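Notes follow once the structure below has been shown.
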Amino acid sequence: MNTTALVGAQWGDEGKGKIIDILARSADYVVRATGGSNAGHTVVNGDKTYKLHLIPSGILYPDTVNIIGNGVVIDPKVVLEEMDSLTALGVKLDNLMIDLRAHVVLPYHKEIDELAELAKGDNAIGTTKRGIGPCYADKCDRIGIRMIDLLDPDVFGQKLRANLELKNKIITAVYGGKPLDFDSIYAEYCGYAKRLSRFACDTGTVLYNAIKANKRVVFEGAQGTLLDLDSGTYPFVTSSHPITGGFCAGAGVGPTAITECLGIAKSYTTRVGAGPFPTELNDKVGEHLLHVGHEFGTTTGRARRCGWLDAVILRLAVRINGLTALAINKLDTLSGLKKLKIATHYMRNGAVVDEFPADISILEGCTPVYEEFEGWDDDISSCKTFAELPKSAQVYINAIERLSGCAVTMIGVGPDRKDIIYK
Ligand code: GDP
Ligand code: IMO
Ligand code: MG
């Protein structure tokens, strides 16, 4: 059996799309198991850049089967727009499958996401406003509409009517918004259902048979460990389980179906949206990371908050995801900085904190303690081997291994699929 789970080790946007695309070259299946169109994964191949939200990042290889699993929440409009733009670029979609059990994001989810954020005021989470939280909430409340429901006009009509009656009360009475119209949503989404029906199937069974037949399967993580509903910086998290444990439920496979767990991190840390961020930098170094690293959201275009690498976070990711290796992206972004820092642990009220705290109010009171490293000036984007990297860059990578307790096997030195060093 030869399967790998790729998981974000920080707050998302670690460059998962690039690594998945690289691994997909030799994969038979790529599977998305969690999240929805809140994800934005970038794949760069020569002069072409693809920005993917719901469609797995293995789609550029015509022989790789791409599965959107049952744990993903599907926005039919977004997935169809994505399909159309890929088709226009000459990408074939014949090998795309969407699970029948996946829940559907509907206009009232997006409306409530937006209104709830507004109502929270200063306590807003800074969501992507893609309706993710409200859709997963309906799933847990057992009133969600699944792909299998969407494909049956009668069942869809009944469920939509019942839900809309309830949601319109919430939209108007709780948030003072305008009610949504049943007829127009019904007609629009029945149209989407017709276009999506050929992709819908029981993907858990397909995957089970593929794994039994020893096919190479890659699980594509979305978001990252610190956005996990249980292990992340609650409540400033997403509403799913973007950790390797969540991939089993979201792809419909057992834990023994995953053999390798590769964590993806950047050589520094970023975060979009609100919530504590101990190593955040509001200075010239932060500006360097933002501009040299082009740290603007793939989904919302928001500037990402930037800071030093945090080994406390990496150790949490190693532990929670059972990581067998780490890929470190964007080492090239650090070029030109005289000194580099990695947080080894935190201090709080005079005491050492070396495990990521459960309570964000404790995290907010933590001051990072740093180990300092020499930087490098050289452009490293054309380095092909670890030995070609400047000595100080090698020291930095070796320190990541020492402080995280995990081997670094891949190092990103540029956005293209060829900009990778294997260690
Ligand atoms: P994802 O959500 O984890 O797939 O990451 P995003 O696509 O949202 O953000 C990562 C950004 O970094 C994208 O613009 C990538 O093209 C870019 N990227 C990935 N790896 C590297 C790297 O090693 N160096 C540089 N300079 N850019 C990279
Ligand atoms: P990828 O897959 C970075 C963040 C949002 C917000 C919080 C909750 O590209 O790494 P949500 O819309 O999910 O309810 O928002 O989670 N967030 C991400 N941040 N990368 C992502 O995905 C994200 N998906 C959600 O910014 O802080
Ligand atoms: Mg992203």
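The values are calculated or read from the model by the stated rules, or taken from the named source; none is laboratory data. This structure is a prediction, so every number in the text was calculated from the model and none was measured. Every residue, glycine as well, gets a Cβ built from its backbone with ideal geometry; the counts of neighbours run over all protein chains shown. The area values use the complete protein model at the heavy-atom level, side chains included, leaving out ligands, DNA and RNA. Shrake-Rupley method; radii C 1.70, N 1.55, O 1.52, S 1.80 Å.
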| task | Express the accessible area of the range 142-251 per residue in Å², computed with a 1.4 Å probe while the remaining protein chains stay in the model. | result | 47
| Rule-of-thumb check for the range 82-232: C-alpha Rg over 2.2 N^0.38 Å? | 1.21
| remark: The answer for LYS266, listing residues at least 5 apart or on another chain whose modeled amide H is closer than 5 Å to its amide H, is ASN329
| field | Cα-based helix-to-principal-axis angle, 391-404 vs the chain, degrees rounded to 10 | value | 60
| request: Determine one quarter of the surface area of the Cα convex hull of the range 230-282, which equals its mean projected area, and express it in nm² to one decimal. | output: 4.9
| task | Would you mind checking which residues have amide H under 5 Å from ALA325's amide H? H placed 1.01 Å from N; only 5 or more apart, or other chain. | result | CYS261, GLY263
| remark: For the range 287-303, in residue order, the Karplus 3J(HN,Hα) values (coefficients 6.51, -1.76, 1.60; θ = phi - 60°; whole Hz; Gly and Pro = x) are 5, 4, 4, 4, 7, 5, x, 6, 8, 10, x, 6, 9, 10, x, 5, 5
| query | What are the ³J(HN,Hα) values, in whole Hz, obtained from phi via the Karplus relation 6.51 cos²θ - 1.76 cosθ + 1.60 with θ = phi - 60°, for each residue of the range 49-55 in sequence order, with x given for Gly and Pro? | reply | 10, 10, 10, 10, 10, 10, 7
| Peptides ranked, highest mean first, by Cβ atoms within 10 Å: ranges 33-43, 343-353, 317-327, 47-57 | 33-43, 317-327, 47-57, 343-353
| query | Roughly speaking, to the nearest percent, how much of the range 45-144's 1.4 Å accessible area is carbon and sulfur? | reply | 50
| request: Mind checking the per residue accessible area of the range 278-423 for me, 1.4 Å probe, whole number of Å²? | output: 44
| task | Mind checking the per residue accessible area of the range 4-88 for me, 1.4 Å probe, whole number of Å²? | result | 25
| remark: A correct Kirkwood calculation over the Cα atoms of the range 1-62 returns a hydrodynamic radius in Å of 12.1
| field | Convex hull volume per residue in cubic angstrom - Cα atoms of the chain | value | 136
| note | Carbon and sulfur atoms account, in whole percent of the 1.4 Å probe accessible area of the range 258-379, for 51
| Roughly speaking, to the nearest percent, how much of the range 185-243's 1.4 Å accessible area is carbon and sulfur? | 54
| For the range 148-300, which semi-axes, largest first and in whole Å, follow from the square roots of 5 times the eigenvalues of its Cα gyration tensor? | 35, 28, 15
| Equivalent ellipsoid semi-axes - Cα gyration tensor, the range 311-423, angstrom | 28, 17, 11
| request: Report the accessible area of TYR208, computed with a 1.4 Å probe over the heavy atoms of all protein chains in place, in Å² rounded to the nearest 10. | output: 130
| task | Evaluate the range 1-119: find the radius of gyration of its Cα atoms, find its Kirkwood radius, and give the ratio Rg to Rh. | result | 0.97
| message | So if I restrict to the alpha-carbon atoms in the range 63-145, what is the Rg, and what is Dmax, the biggest pairwise distance, in Å? | response | 15.2, 48
| Only Lys, Arg (+1) and Asp, Glu (-1) charged, at Cβ; the chain dipole about Cα centre in debye | 480
